[in-house]
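Single-structure report; data block below.
Values quoted throughout were computed directly from the atomic coordinates according to the rules given, and no laboratory measurement underlies them. Small disclaimer: the values here were computed from a predicted structure and weren't measured. Counting neighbours? That spans all protein chains shown, and the Cβs are built from the backbone with ideal geometry, glycine included.
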Amino acid sequence: MHNHFDLFGLAPAFALDAAALERRYREIQSQVHPDRFAHAGDAERRASLQWTTRVNEAYRTLMDPVQRAKHILELHGIDLGFETNTQMPAEFLVQQLELREELEGAVTGKDAEALDRMRSELAANRKSLERQIGEAIDSRKDYAGAAGLVRKLMFLHRLDAEIEAAYEEVE
Amino acid sequence: MALLQISEPGMSAAPHEHRLAVGIDLGTTNSLVATVRSGVATVLADELGRPLLPSIVRYHADGRVDVGYAAQAKQAVDPKNTIVSVKRFMGRGLRDVAHVENAPYDFVDAPGMVQVRTAAGVKSPVEVSSEILKVLKLRAEASLGGELAGAVITVPAYFDDAQRQATKDAGKLAGLNVLRLLNEPTAAAIAYGLENASEGIYAVYDLGGGTFDLSILKLARGVFEVVATSGDSMLGGDDFDQRVFCWAVEQAKLSPLGPRDMRQLLMKSREAKEYLTYHGEAPITVRLSSGDVVDLSIDTETFCNITQTLVRKTLGPVRKALRDAGLTVDDIKGVVMVGGATRMPQIQRAVAELFRRDPLNNLDPDKVVALGAAMQANVLAGNQPTDQDWLLLDVIPLSLGIETMGGLAEKIIPRNTTIPAAKAQEFTTFKDGQTAMSFHVVQGERELVADCRSLARFDLRGIPPMAAGAARVRVTFQVDADGLLSVTAREASTGIEASITVKPSYGLSDAEIERMLRESFEHAKEDVHARALAEHRVDAQRLLDATRSALAVDRALLAPRELEAVENAVRALEQVLTANDARAIKQATDALNRATEEFAERRMDEGIKRALAGKKIGSL
Ligand SMILES: Nc1ncnc2c1ncn2[C@@H]1O[C@H](COP(=O)(O)OP(=O)(O)OP(=O)(O)O)[C@@H](O)[C@H]1O
Ligand SMILES: [Mg+2]
C-alpha cells in the first residue's frame, strides 16, 4: 500500500504540521494538476489525472484525524476495517445511545440551538480523544491501544454526520 | 482554415504562439463570451456592441434558427418554437422540471432528458444550448480573427453529473474544444480575487436566472481553493417571475391562459420584478388575445411577501456550506454577489443580515463569471507564463454512490471532495453461483436511492461461479477535473477479470454527437470530412507542440533508445500532417500518444520530486 506521508516527504506521525502539509500539497499539485496539462497529449493528461487523484486522496487522508490515525495503524499492520464487530466498552455505548436520544429530541422539537450545543460538546470530546490518540501513537507507540481510541473517534464522527443531517430536518 | 506552422524536426519548441481561448458563461437568461487580450479579460460584444446574448432560441419550420435578441423579440408571438431558459431542462427528465404547467412548450418526455417539439422537429436541450454556443463561437472567431483553440464553459457549481455531461455535449455539438467545465462561483472568485488581490476566506452568493450557488473559497496568492459548495439548481430569478405571474393571475381572476398570453404575462411579470428593484411600485399591463386588458400594480411590500419563501430558500444552503466547511459567518471575510437576481434589495438585505456584513457589489454581476472563465481558459491554453498562473482546486457538489440491498444509497465519494478524485469499494455476490451483478450509480445526499438522482445502471457479467460472498468486485469511481464521473467494475478474486466502464447515461454517446454534428453540417452544407481532417490536425499539432516542449525540458529523462522511439513517432506524425488523410493523422497521433506514455509518467514523478526538493531547500 501507499505510504501517504512519503508522498509529501513527511515522517509518519499523528501530530501534524498542517501548514507544512498544505504547502507541500499545493507545491505538488502545481506540478501535476490537470490544469497544467489541458493542452498536452493524452498520455500526459492521463498521468496527470492519476497523480492528482492520488495526491488529493493522500492529502484528504492525512488532513482528517480519523483517516490519518487509521492510515498510521495500517502502516503498522492493524486494519480497523476488518474488525468492525469489536466490542466497545459498555459505558461508552450507553453514552452514545443517550446522545442519540438527545439528537432525536432536538429533531422532534425542531431545536436548532440544541443541535449547535451538541455539536460544540462533540467537538470538545473529539479534541480530547485526538490528544489521547496522539499520545498513544507518537509517544507510547501503543498501536493496539490507539486502535480502541480510534474506534471511539469513529463513533463520534458518525454522530457528527447525523447531527449534520438533522439540521436539514430542523431548518 | 489557416495553414499550420511546422518547425524543423529536432528543434526545440518555438516560443509558442498565443492560442485563442475563450470563457463562455452559458446562462439561463443571458450568455456571454470573453477572452484575455494583452493580459486583460474582456467580454466580446456583438456587431452592435451588445455584450449579452439572451439565451433564447427560435426554430423556424424551414430549419432556420434565430438566437438572442432576434428570438427574444418574437417570444410572445411564437412561444411554442421559442425556447427560453433551456438551461433548466439540461440533464432533466420531464418530472424534474418545475412549473411545467406555466411553460408554453410542447414537451416530449424522452428517456433521460426532456425534449421540446418545435416547428423544426423535436429538439433536446443539448441541441438548443449548442445553438447558443455556436453563435458565441462565431462571435469570438470573428472578433479574434481565427479558429478557437479551446473554450471553458461555466456551469452552476450545484449542477449534478447529468447536467454537466449535457453541457459538455452541447459544447462538443457546437464544435468547441471544451478545455474545462468551470463552476460559476469559482469563475467569479477568480475574477474578483485577481482584480482585488484578495486573500482569506470568501463566500460567493450567485443567484442567476435559473440557478442558485453558494461557494466558500480560500483565496491565497496563486491558489483558489473551494472548501465547500451548496445551492439549488432549480432556484433563480425565474421563480420570482413565476410568483408575480401567479399573483397576477389570482388578482385578475384569469382563467387558464394560452401559450401567447402566458408568455406575455411572464414577460411583464419579469419587467415588474426588475422595476421594483429601483421603484416602490410597478405596473403590470397586458392585452390578452381575448381583447381583455389586465391592468394591475404591484408594490414592494406585496412583492417581498410573495417571494419571502424564495429568499429564505437560499439561506439554508448558505448555512449548510458553512457547516460543511467547519466555519461560522465570522470567519468569512467578504461575500461576493454574482448574478442579476442579487440586485433585488430583499436579497441584499437577507445576505447582509445572515453574514452580519454588507455584501460586495463592486463588480458587474452580469459579466464577472465570463471574465473569470476567460482567465482560466487563458491559463489552460498555456498562454499565461507559469510563474503568473494559479492553482485551482474545486470540489464535487453532491455525493456519489451506489445502490445496495434494500434500496439504500452507499456513498462512495462524499460531497465537497476535492477533484479529481477516485475511490474504490468492494462488493460481493449474494447467491451461490451468481455470475452477474447489477450496479446502480446515484448522486445525492439522501439515504434512499429513490430520493437520489439516478445516473447510470450497468451489469457486470462473466463472474466465475463461486459461493455467495466469495467474489470480489471492485467498483472504482473516478471524477475528473470537470466534475464528470466514470465508473469501472472489476472482478478479480479468481484472477479472471471481468470489467466494465460506464459513463453516466444522461450524456449523449459519441455516436449520437457525431450523428447530430453530421446532420447540422449537412444543413450548413459543410463537408464532414474536411471538418474531421481539420480536427485531427489540430489534435496532432497540439500533441506535437506538447511533445516538443516536453523534450526540450526533460529529454534527459529518456534513455537514448527511448528518445529515439519518441522522436521517430514525432517524425512519423510530422510526415502525415500535411497530407489530406484524416485516418493516417489519427493513427500517427495515437502512436505518438502511446510512445510518450512512459515519458509522461516520468515527467510527473520528476515534477513531484522538484516540488519536494524545492521545499526542503526553502525550509532549511
Ligand atoms: N434590476 C434587476 N432586479 C431584479 N432582478 C434582475 C434585475 N436585473 C436582472 N435581474 C434578473 O436576473 C436574472 C438573470 O441574471 P443572470 O443574467 O445573472 O442569470 P444567468 O446567468 O442567465 O442565469 P444562471 O446563472 O442561473 O444560469 C433574471 O431573472 C433577471 O430578471
Ligand atoms: Mg449566471
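Averaged over residues, the count of other Cβ atoms within 10 Å places the peptides B:485-495, B:285-295, B:117-127 in the sequence B:117-127, B:485-495, B:285-295, highest first. Roughly how many Å is it from the Cα centre of the stretch A:98-131 to that of the stretch B:276-338, as a whole number? Using only Cα atoms, the two centres lie 34 Å from each other.
Dipole magnitude for the stretch B:195-358: computed about the Cα centre from +1 point charges on Lys and Arg Cβ and -1 point charges on Asp and Glu Cβ, it is near 200 debye.
Tilt of helix B:161-173 relative to the longest C-alpha principal axis of chain B, in degrees (0 to 90, nearest 10)? Relative to chain B, helix B:161-173 is tipped by roughly 80 degrees. Along the charge dipole of the protein assembly as shown, which of B:A61, B:A142, B:T42 sits closest to the positive end, that is, farthest toward it, with unit charges on the beta carbon of Lys, Arg, Asp and Glu (+1, +1, -1, -1)? Working it through, the farthest residue towards the positive pole turns out to be B:A142. Summing Cβ point charges (Lys, Arg +1; Asp, Glu -1) relative to the Cα centre of the stretch A:4-63 gives a dipole of roughly 60 debye. Pairs of Lys residues in the stretch A:60-171, spaced 8 or more positions apart or belonging to different chains, with C-alpha separations under 23 angstrom: 6 in total. Beta-bridge orientation, chain B: approximately 80 percent antiparallel, per DSSP, counting only bridges with both partners inside. Build a GNM of chain A with springs between Cα atoms under 10 Å apart, and of A:M154, A:M88, A:M63 the one that fluctuates most is A:M88.
Within the listed set A:L80, A:L62, A:L153, the Gaussian network model of chain A (springs between alpha-carbon atoms below 10 Å) gives the highest mean-square fluctuation for A:L80. When the alpha carbon coordinates of chain B are projected onto the principal axes, the ranges are 84, 64, 61 Å, largest first. Simple spin-label estimate for A:A112 and B:T302 gives 3.0 nm between the two label positions (7 Å along the Cα-to-Cβ direction from each Cα). Counting charges near B:A252 (Lys, Arg +1; Asp, Glu -1) among other residues having Cβ under 9 Å from its Cβ returns a value of -2.
Principal-axis analysis of the Cα atoms of chain B puts helix B:184-196 at an angle of about 80° to the longest axis.
Bridging of B:K609 to aspartates and glutamates at a Cα separation below 15 Å is possible for A:D6, A:E27, B:D554, B:E601, once same-chain residues fewer than 8 apart are set aside. For the protein assembly as shown, the Cβ-based charge dipole about the Cα centre amounts to some 740 debye (Lys, Arg positive; Asp, Glu negative; other atoms uncharged). Judged by the gyration tensor of its Cα atoms, with axes a ≥ b ≥ c, the protein assembly as shown is oblate; a/c meets the 1.5 cut and b/c is at least as large as a/b.
Counts of other chain beta carbons within 10 angstrom of each beta carbon in peptide B:386-394 average 3.
What number comes out for the charge environment of B:V379, summing +1 per Lys or Arg and -1 per Asp or Glu over other residues with Cβ under 13 Å away? Result for the neighbourhood of B:V379: 0.
Considering only B:A421, B:P259, B:L276, and ranking their Cα positions along the charge dipole of chain B that arises from unit charges at the beta-carbon of Lys, Arg, Asp and Glu, the one farthest toward the positive end is B:A421. Under 1.5 on a/c is rounded, so check that first for the stretch B:195-358, then, if it is not, pick prolate when a/b is larger than b/c and oblate when it is not; a ≥ b ≥ c are the square roots of the alpha carbon gyration tensor eigenvalues. The shape class here is prolate. Of the residues A:A18, A:A144, A:A69, which exhibits the maximal mean-square fluctuation in a Gaussian network model of chain A defined by a 10 Å Cα contact cut-off? Among A:A18, A:A144, A:A69, the largest mean-square fluctuation in the Gaussian network model of chain A belongs to A:A18. Lysine pair count for the stretch B:195-358 with Cα-Cα distance under 20 Å and sequence separation of 8 or more or different chains is 5. The aspartates and glutamates whose alpha-carbon is closer than 12 Å to the alpha-carbon of B:K134, local same-chain residues fewer than 8 away aside, are B:D66.
With the charge dipole of the protein assembly as shown set up from +1 on Lys and Arg Cβ and -1 on Asp and Glu Cβ about the Cα centre, the Cα lying farthest toward the positive end among the listed residues B:F599, B:V97, B:L179 is that of B:F599.
All other residues whose Cβ lies under 9 angstrom from that of B:L182 are scored, Lys and Arg at +1 and Asp and Glu at -1, for a net of -2. With respect to chain B, whose longest principal axis is taken over its alpha-carbon atoms, helix B:125-144 is tilted by about 70°.
Average partner chain C-beta neighbours within 10 Å, per residue of B:217-227?
1
When the Cα gyration tensor is reduced to axis lengths a ≥ b ≥ c, the ratio a/c is 1.5 or higher for the stretch B:324-434, and with a/b not above b/c it is classed as oblate. Cross-link partners of B:K586 among lysines, defined as those whose alpha carbon lies under 19 angstrom from its own and excluding same-chain residues fewer than eight positions apart: B:K172.
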